[in-house]
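Trainee: Okay, handing you the structure first.
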Amino acid sequence: MKARFVLAPQAAEDLARIWRYIKNQSTVGMADHVESVIREKFLFLAQAPEAGHHRRNLTNEEVKFFPVYSYLIVYRPAIKPLEIIAILHGRRDVEQVLKNRL
């Protein structure tokens, strides 16, 4: 059975913003590559939801974090299918973004 995940609407927006930013800074090919790698990690996390780690310094919510390049995938490991909450650049104010999303 194929592992499943869902993207929260804001996470889908995050992914689109990441793609546009990389396309504008580099090339369409690079943007496509980064998006592909991030999506591969979604599938990996759906199969191995415990792979990420909690960040109690950022939130007490039951979410985990998994790094991909300079981004953090934020997801709910206990939800089936796995729910991707956010894909955020590590330099953003992750704690504040999550307060508005969780």
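Trainee: Just to be sure I follow the rule: in the chain, considering lysines 8 or more places apart or on different chains, how many pairs have Cα atoms under 15 Å apart?
Mentor: For the chain, the number of qualifying lysine pairs is 5.
Trainee: Here's another thing I want to ask about it. Mind giving me the nanometre distance, one decimal, between the label points for Asn24 and Tyr69, set 7 Å out from Cα along Cα→Cβ?
Mentor: Result for the modelled spin labels: 1.5 nm.
Trainee: Match the structure shown to one of the listed values [x] 37; [y] 52; [z] 34 of percent of Cα pairs over 20 Å apart, computed from it, and give that label.
Mentor: Answer by label: [z].
Trainee: Give the calculated FRET efficiency between Ala16 and Leu102 to the nearest 0.05, with a Förster radius of 22 Å applied to their Cβ-Cβ distance.
Mentor: Efficiency for this residue pair is about 0.60.
Trainee: So what is the 222 nm mean residue ellipticity for the chain from helices alone, if each DSSP H run of at least 4 adds -39500 (n - 2.57) and you divide by all residues, rounding to the nearest 500 deg cm²/dmol?
Mentor: -14500 deg cm²/dmol
Trainee: Quick one: dipole size for the chain, taken about the Cα centre, charges +1 on Lys/Arg Cβ and -1 on Asp/Glu Cβ, in debye to the nearest 20.
Mentor: 20 debye
Trainee: Mind telling me which of Lys64, Lys80, Lys41 comes out most flexible in a GNM of the chain, alpha-carbon contacts under 10 Å?
Mentor: Per the Cα network of the chain with a 10 Å cutoff, Lys80 tops the list.
Throughout, read-outs are computed from the coordinates displayed, never taken from laboratory work. No experiment lies behind these values; they were computed from the predicted model shown. Please note: Cβ atoms are built from the backbone with ideal geometry, for glycine as well, and neighbour counts cover all protein chains shown.
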